[in-house]
Each structure stands twice: as C-alpha cells, then as structure tokens.
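To start, the structure itself, in structure tokens.
Nothing in this text is a laboratory measurement; each read-out follows from the coordinates by a stated rule. Keep in mind that what you see is a predicted model, and the values were worked out from it rather than measured. Here the Cβ is made from the backbone with ideal geometry for all residues, glycine too, and neighbour counts use every protein chain on show.
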Amino acid sequence: MDPLLLGLLVAIVTIAVLFSGVSVATGLLIVSALFLAIFDGLWSLELMPEKFFGKLNSFALLSIPMFIIMGAAISSTRAGADLYEALERWLTRVPGGLVMSNLGACALFSAMSGSSPATCAAIGKMGIPEMRKRGYPDTVASGSIAAGGTLGILIPPSVTMIVYGIATETSIGRLFLAGVMPGLMLVSLFMVWSVWSTWRTAGLGVISPRHYSLREKLEILPRVIPFLLVIVGVLYAMYGGIATPSETAAVGAILCLGMAVVIYRMWSPVALWSVLRDSTRESVMILFIIGAAGVFSYMLSSLFITQSIAMWISELDVNRWVLMGAVNVFLLIAGFFLPPVAVILMAAPILLPIILAADFDPYWFAVILTINMEIGLISPPVGLNLYVINSIAPDIKLKTILRGSLPYVGCMVLAIVILCFFPQIATWLPDLVMGPAT
C-alpha cells in the first residue's frame with residue numbers, strides 16, 4: 001500500500017480511536033499495535049515494549065516530575081492570591097490597572113506553576129469578582145484570566161517545552177529562552193487589548209477607591225518574592241552552567257516544598273501527601289503519553305509513513321510560508337481537540353523534518369507551535385480554561401466567557417504573524433546567552 005495513503009488511513013483511525021473516549025496514550029498504543037500487526041506482521045509487536053521503555057530511558061525526563069512538583073507546591077498555597085494582591089496594591093490606582101495586575105499575576109504565577117488550569121483557578125477566584133465589582137465588563141474579567149492562564153506553557157520553566165525538546169532532541173535550555181520574549185510580547189498584547197476594551201465599554205475610571213500606603217505595598221512582598229527568586233535561581237543555574245535542567249528542577253522542587261512549609265505553614269502530612277500524589281498522577285500521565293508516542297513514532301517510521309510525507313512535502317513546489325501556513329492550520333485544528341503534550345508528541349516526528357527542510361529554525365517553530373496550543377486552551381470544543389473559569393464564576397455564561405476570550409485568540413494570531421516577520425524575537429535571547437545554534 002502506498003505510504004501516503006497508509007498515512008491518511010492511520011490519521012483517520014487515530015482520530016476515530018481518540019474520539020472513542022480512550023486515553024491518548026492507550027489510543028496511540030492501540031493504533032500502533034493494529035497497523036504494525038497488519039502491515040509488518042505479528043512479530044513486530046515484540047518490539048513495542050522495547051520502544052516504549054526506550055523512549056522513557058532519558059535523564060532529561062526527570063525534569064518533568066520535578067517541575068510538576070514545583071508547580072504543585074506553589075499551587076497548593078496562597079501564593080497565587082498573594083501575588084495577585086501584591087500587584088493589585090501597586091497598580092490599583094492606575095487607570096485600567098486592575099486588569100493589568102491580573103494579567104501580570106497570571107504571567108508570573110503560570111511561570112511558577114506551569115499549569116494553565118491552576119493559574120486560572122488561583123488568580124481567577126480573586127481577580128474575576130474584584131474586576132466585576134469595580135465595573136469591568138464580564139467579557140474582559142473572564143476572558144483576560146482565561147487567556148492569561150495559557151501563558152504557563154510558553155513562559156519558562158515549561159513542561160510543554162521539555163516535552164518538545166525530548167520529542168525533537170533539541171536543547172531544553174535553549175527552548176526555555178526562546179519562550180521568554182514571545183511570552184512577554186503576548187502579555188503586552190493582552191494588556192493593550194484589555195485596557196482598550198475596558199476604556200471602550202466602561203471607561204478607565206474603574207479604579208479602586210482605596211489608597212494603599214507604601215507600608216501596605218511592601219508588607220506583602222516577602223511572601224511573594226521568595227518564590228520568584230526560586231524561578232530566577234533555577235534559570236540562572238541552568239544557563240550559568242551550574243547544573244542540568246533535571247538537576248535544577250529537583251533543587252527547585254525541594255525549595256518550593258520547603259517554602260510552602262515555612263512561609264505558608266503547610267505542616268500537615270495530608271497536604272504534603274496531596275501535593276506528591278497529584279504530582280505523581282500528572283507525571284505518570286505525561287510519561288505514559290511520551291512512551292506511547294515513542295511506539296507510535298516507531299510505527300510511522302517502520303511503515304515508511306514519516307519519510308514519505310516529508311519527501312512529498314519537500315518536493316512540492318510551494319512557497320515555504322504557504323507551507324508554514326498549512327502547518328499552522330493543522331496545529332490549530334489539532335489543538336482544538338487534543339492536549340498540548342499529545343499534539344507535540346504525535347506531530348513533532350512528522351513536522352520537524354519538514355520544518356528543517358524548509359529552512360525554519362526549530363526553536364522558533366517551538367514557540368509557534370506552543371502559541372497554537374495556547375489558542376486551543378481557550379477555544380471550543382475542549383477549551384479547558386473556559387470550563388475552569390465557568391466553574392469558579394458559574395453566574396457568567398460560557399458563551400460570555402468564550403466571547404471574552406476570542407479577542408485574546410486574535411492577539412495570539414497576531415503574535416504568530418509578528419514572529420513570522422521578526423523571528424529574532426524568539427531566537428535573539430537563546431543566541432545571546434548560549435551562542436548561535438549549530
């Protein structure tokens with residue numbers, strides 16, 4: 001059977017299996033076993049365990065559970081509420097400052113926790129009621145938090161970037177740096193839209209009647225700054241050549257757990273057990289998908305599907321930007337239905353050779369891919385962040401939250417366009433810190 005037609009058949013069967021309700025990892029293993037048995041013979045199934053565990057035999061994978069523990073420790077405390085309150089105290093007298101402080105809190109908390117749902121829940125529980133009380137439109141109040149929560153998969157340290165690095169065998173440290181400037185650009189675009197939308201609908205007079213003294217502004221900082229210093233310390237250790245990403249993640253996890261105990265008095269063994277239990281569950285889920293994706297990639301390669309697709313696309317006489325546009329449409333649609341980790345692990349083996357053949361930078365492409373995944377987090381039918389916002393503010397209708405998030409989708413699309421015209425936004429910092437990629 002022609003490899004291209006076989007690839008189309010694999011895609012159709014994979015979509016059907018995943019839509020049947022089975023987990024992503026189980027679905028990938030079922031599809032891989034089915035096609036290997038039919039087209040390569042039953043003997044090829046003997047290699048599946050070897051490929052599965054071989055994909056997990058990587059020291060870099062240790063950073064995933066460590067960063068997840070780090071984020072879970074932060075998410076289990078009042079760090080999000082304190083971060084929000086600190087920014088609110090400093091920016092509350094600025095016209096439109098409350099929505100800016102919410103987005104700033106989302107950016108910082110998502111960098112600390114690495115979790116979009118946790119960011120939406122932690123910042124939204126305080127931020128949404130406060131914004132609505134002061135006259136901000138429901139669309140801005142809900143949409144800004146939903147969009148701000150997506151920043152966790154772009155701003156380092158990002159588990160999604162780690163997964164991309166493992167799937168494509170690219171430098172995790174360079175990927176982290178590539179996400180910094182685009183992340184700040186997205187925050188700026190979100191803030192500009194939020195302030196303009198607020199001005200248009202409610203006026204910029206929606207400021208707090210309370211004036212905080214300098215003492216009140218300073219007294220909350222000791223509860224927030226230590227966690228931010230840990231993030232800075234982790235990144236410094238990584239890029240200063242002091243330790244590997246896995247080692248710095250382990251130290252960061254221990255420090256965050258320690259600070260959760262010391263600063264927020266999380267003495268209860270039950271609370272600590274909850275952090276470790278939830279972190280283990282999420283880590284195993286991600287690692288299971290990684291192992292299954294390794295088997296899936298082996299199946300695609302064994303049946304010559306990956307090579308044929310790459311060869312077919314490389315022979316197309318089309319402009320490389322037309323090709324990039326098609327890739328973006330594919331990623332956008334995939335992100336509507338699947339979690340970011342699954343999309344990266346399934347698509348990266350196929351897309352990376354195409355990206356390299358078209359002379360695109362793989363680290364720049366990682367940022368483009370991640371922003372597409374961010375769009376999926378606030379777009380139906382999955383749109384995880386939309387449902388998180390709806391759960392913490394049930395009196396705001398889901399369609400209102402969706403309408404409020406759509407302009408932020410536009411901001412993300414604009415960010416992708418800007419990055420296409422100015423790829424240096426993503427590549428400048430990695431090249432400055434680590435030298436040009438070879």
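Please report Arg403, Arg89, Arg281 as a ranked list, fewest other C-beta atoms within 10 angstrom at the top and most at the bottom.
Details: Arg403 14, Arg89 21, Arg281 10.
Final ranking by Cβ density, sparse to dense: Arg281, Arg403, Arg89.
Among 373-380, 10-17, what's the highest-first ranking by average C-beta atoms within 10 angstrom per residue? Don't skip to the answer; put the middle values down first.
On the way: 373-380: 23.4, 10-17: 15.2.
Packing proxy ranking, top to bottom: 373-380, 10-17.
Just to check I understand the Karplus step: with θ = phi - 60° and J = 6.51 cos²θ - 1.76 cosθ + 1.60, what whole-Hz values come out for the range 74-89, glycine and proline as x?
Ordered by residue, 3J(HN,Hα) equals 5, 5, 7, 10, 8, 4, x, 5, 5, 5, 4, 5, 4, 5, 5, 5 Hz.
Can you tell me the relative contact order of the range 3-434? Whole percent, Cα pairs under 8 Å, sequence separation 6 or more.
26 percent
Once both labels are modelled 7 Å past Cα along the beta-carbon direction, what's the Phe53-Ser268 spacing in nm?
4.0 nm
Sorting Val99, Val327, Val232 on the 10 Å Cβ count, fewest up front, what's the list?
Val232, Val327, Val99
Using the Karplus curve 6.51 cos²θ - 1.76 cosθ + 1.60 with θ = phi - 60°, what ³J(HN,Hα) values do you get for each residue of the range 6-20, in whole Hz, with x for Gly and Pro?
Those phi angles translate into 5, x, 5, 5, 4, 4, 5, 5, 4, 4, 5, 5, 5, 6, 6 Hz.
Taking other Cβ within 10 Å of each residue's Cβ, how do Asp317, Asp395, Asp138 sort, fewest first?
Working: Asp317 4, Asp395 8, Asp138 18.
In order of increasing Cβ crowding within 10 Å: Asp317, Asp395, Asp138.
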